[in-house]
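Novice: Following this message is one structure expressed as structure tokens.
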Amino acid sequence: MAKSKAPIRKQKVKNRSKAKSKVSKKAMKKSASKKKSIPRPKKIIIDTGKLLKMEESIKFVTDVAGEKGLEIFEYLINKGEMEENKLALALKFERANAIRKYLYRLYSKGLVSYIKTRKGSKSWYTYYWSANTQRLVFLIKESYEDEIKQTKKSMELNKAEDFYVCGTCNRRYDINKALQNDFRCPYCGSVLDHLEQSQVIQDKQSRIDFLNDKIDKLLKLVKEK
Ligand SMILES: [Zn+2]
């Protein structure tokens with residue numbers, strides 16, 4: 001049996017290579033080099049148990065889809081891909097439609113995805129939903145990175161502001177005005193103090209450190225295999 005099939009398979013291959021020859025050499029070269037440069041996709045394993053216990057995960061998913069949404073998300077993580085009606089039934093939704101609202105909210109952020117299939121001759125689709133934990137890690141990380149970026153920006157502004165203040169009348173002067181008056185208050189003559197921005201800057205720096213630490217902890221839950 002296997003022997004008799006062999007020539008047919010060969011022929012098929014031949015035909016395929018013929019079809020390929022129509023493609024320009026340049027395009028072929030391009031696709032060949034592309035193939036080479038793509039590394040074997042790494043399998044990503046996420047410690048979902050720890051991820052779901054993290055305060056920020058709970059907050060993030062709840063902000064997107066409410067407590068019901070969180071319940072659905074957690075359920076899908078634990079059970080894996082699930083048919084929509086079964087999911088609705090398991091989570092005690094009155095109608096299958098009622099669960100969609102939450103699924104779509106989660107879907108809008110990419111936290112869940114679906115495939116739809118038509119069974120036999122039925123005219124309606126069956127939806128299978130699954131949770132994307134990797135996406136949750138990415139979104140939380142992104143929100144931390146955004147805050148770090150903003151904090152760094154405002155820190156630079158703090159550094160650029162160089163103010164002097166009069167301890168007697170509480171008036172504030174920029175560096176030029178202070179220089180003009182030999183670092184004395186032009187109103188009351190008191191010696192001006194340099195306004196300490198350092199505390200503000202320090203606070204912002206520790207917020208950045210805190211967020212970076214959070215990102216580290218988050219990424220520790222992700223392992224590539
Ligand atoms: Zn003064």
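Novice: Rounded to the nearest Å, what's the spacing between the alpha carbon centres of region 89-139 and region 174-208? Just the number, please.
Specialist: 57
Novice: What ranking, highest mean first, results for peptides 193-201, 64-72, 109-117 when packing means the other Cβ atoms within 10 Å averaged over each residue? Before the final figure, lay out the partial values.
Specialist: Numbers: 193-201: 12.9, 64-72: 19.1, 109-117: 15.0.
Packing proxy ranking, top to bottom: 64-72, 109-117, 193-201.
Novice: While we're on this one: Nearest 0.05, what FRET efficiency do Lys177 and Leu157 give at R0 = 25 Å with Cβ-Cβ as r?
Specialist: On the way: r = 19 Å, r/R0 = 0.77.
Step by step, r from the Cβ atoms, then E = 0.80.
Novice: Calculate the spin-label point distance for Arg135 paired with Tyr104, positioning each point 7 Å from the Cα along the beta-carbon direction, and give it in nanometres.
Specialist: Inter-label distance under the simple model: 1.6 nm.
Novice: How would you classify region 146-224 from its alpha-carbon gyration tensor, with a ≥ b ≥ c the square roots of the eigenvalues: rounded for a/c under 1.5, else prolate if a/b is greater than b/c, otherwise oblate?
Specialist: On the way: a/c = 5.99, a/b = 3.94, b/c = 1.52.
Prolate.
Novice: Amide H neighbours of Asn132 under 5 Å, at least 5 residues apart or on other chains, H built in the peptide plane: list them.
Specialist: Long-range HN contacts for Asn132: Val112, Ser113.
Novice: Quick one: how many lysine pairs in region 146-224 have C-alpha atoms under 25 angstrom apart, if they're 8 or more apart or on different chains?
Specialist: Step by step, the pairs that qualify in region 146-224 add up to 18.
Novice: When a/c is below 1.5 the answer is rounded, else prolate if a/b is larger than b/c, else oblate, so apply that to region 44-133 with a ≥ b ≥ c taken from the square roots of the Cα gyration tensor eigenvalues. Show your work: numbers first, answer last.
Specialist: On the way: a/c = 2.16, a/b = 1.68, b/c = 1.29.
Prolate, because a/c is 1.5 or more and a/b exceeds b/c.
Novice: Arranged from highest to lowest average of other beta-carbon atoms within 10 Å per residue, in what order do the peptides 128-138, 74-84 appear?
Specialist: Per-residue mean Cβ counts within 10 Å order the peptides as 128-138, 74-84.
No value in this document is a laboratory result; all are computed from the given coordinates. On a predicted model such as this, the values are computed, not experimentally measured, just so you know. Note that each Cβ is placed from the backbone with ideal geometry, even for glycine, and that neighbours are counted across all protein chains shown.
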